[in-house]
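The values are calculated or read from the model by the stated rules, or taken from the named source; none is laboratory data. All of these numbers come straight from a predicted model, not from anything done at the bench. Surface accessibility is based on the protein's heavy atoms, side chains included, excluding ligands, DNA and RNA. Shrake-Rupley method; radii C 1.70, N 1.55, O 1.52, S 1.80 Å.
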Amino acid sequence: MSTTDADTMEHICSSRNHGTEIVRDTFAKIGDKWSLLILGMLDEAPQRFTALRNSIPGISHRMLTLTLRNLERDGLISREVFAEVPPRVEYRVTELGTTIIPAVRAMAIWALENSDQIQANRARYDDRLDRQLLGDRSHPHLDLGEARR
C-alpha cells in the first residue's frame with residue numbers, strides 16, 4: 001500500500017496540519033477503554049442500556065452513560081426513545097458509526113491473535129522492572145544503567 005506525504009502519521013500529527021486537533025480529540029474519545037467495545041456490541045444489533053451493561057463486564061452504570069452520550073454527540077450512535085410504559089430506549093450504530101466498525105473489528109482480532117505475545121512481553125517487562133527495583137545485578141540481560149537514566 002502506497003502512501004502520500006499527506007497520509008503519513010508524521011504529516012497528520014504535525015503542528016502545521018490544522019486537522020491535528022480533531023485527530024487527537026477523536027483518538028482520545030474512541031480510544032478510551034469502552035467506546036470501541038460499545039460500538040462493536042451495537043454493530044450486532046440495536047440494544048437497550050441494560051443489555052449493553054450486562055454484555056460488557058466491568059463497565060459501571062455511570063461510565064456506560066457517559067460513553068453513550070459521547071458516542072451520540074459525535075454521531076457514531078443514535079438513541080431512540082419509544083413512547084411506551086415503561087419508556088424503552090435503544091441505541092444503535094449510525095451510518096457514520098458503521099464506517100469505523102471494520103477498524104474496530106480488525107483491532108479486536110489483532111488483540112486476540114497477539115494476546116499470548118503481549119502477555120509474555122508484559123511479564124518479561126514486569127520481571128525486569130522488579131529486578132531493577134530490587135537491585136538484582138546478577139541477571140545477564142539486565143541493563144541497570146538504562147533504569148537509572
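For region 29-75, what does the accessible surface come to per residue with a 1.4 Å probe? Please give it in Å².
Numbers: 2690 Å² over 47 residues.
So region 29-75 comes to 57 Å² accessible per residue, rounded to a whole number.
Going by the alpha-carbon gyration tensor, a ≥ b ≥ c the square roots of its eigenvalues, is region 44-99 rounded (a/c under 1.5) or, if a/c is not under 1.5, prolate (a/b greater than b/c) versus oblate?
On the way: a/c = 1.58, a/b = 1.07, b/c = 1.47.
It comes out oblate by the Cα gyration axes.
Calculate, axis by axis, the spread of Cα positions in region 28-129 along the three principal axes, and write the results as whole Å, longest axis first.
Principal-axis extents of region 28-129 (Cα, largest first): 58, 27, 22 Å.
Can you give the accessible area of Tyr125 in Å² (nearest 10), computed on protein heavy atoms with a 1.4 Å probe?
120
Please work out how much length the chain gains when fully extended from His11 to Arg24, using 0.36 nm per residue of separation minus the C-alpha to C-alpha distance, in nm with one decimal. Could the numbers behind the result be given before it?
Numbers: separation 13, 0.36 × 13 = 4.68 nm, distance 1.31 nm.
Value of the extension gain: 3.4 nm.
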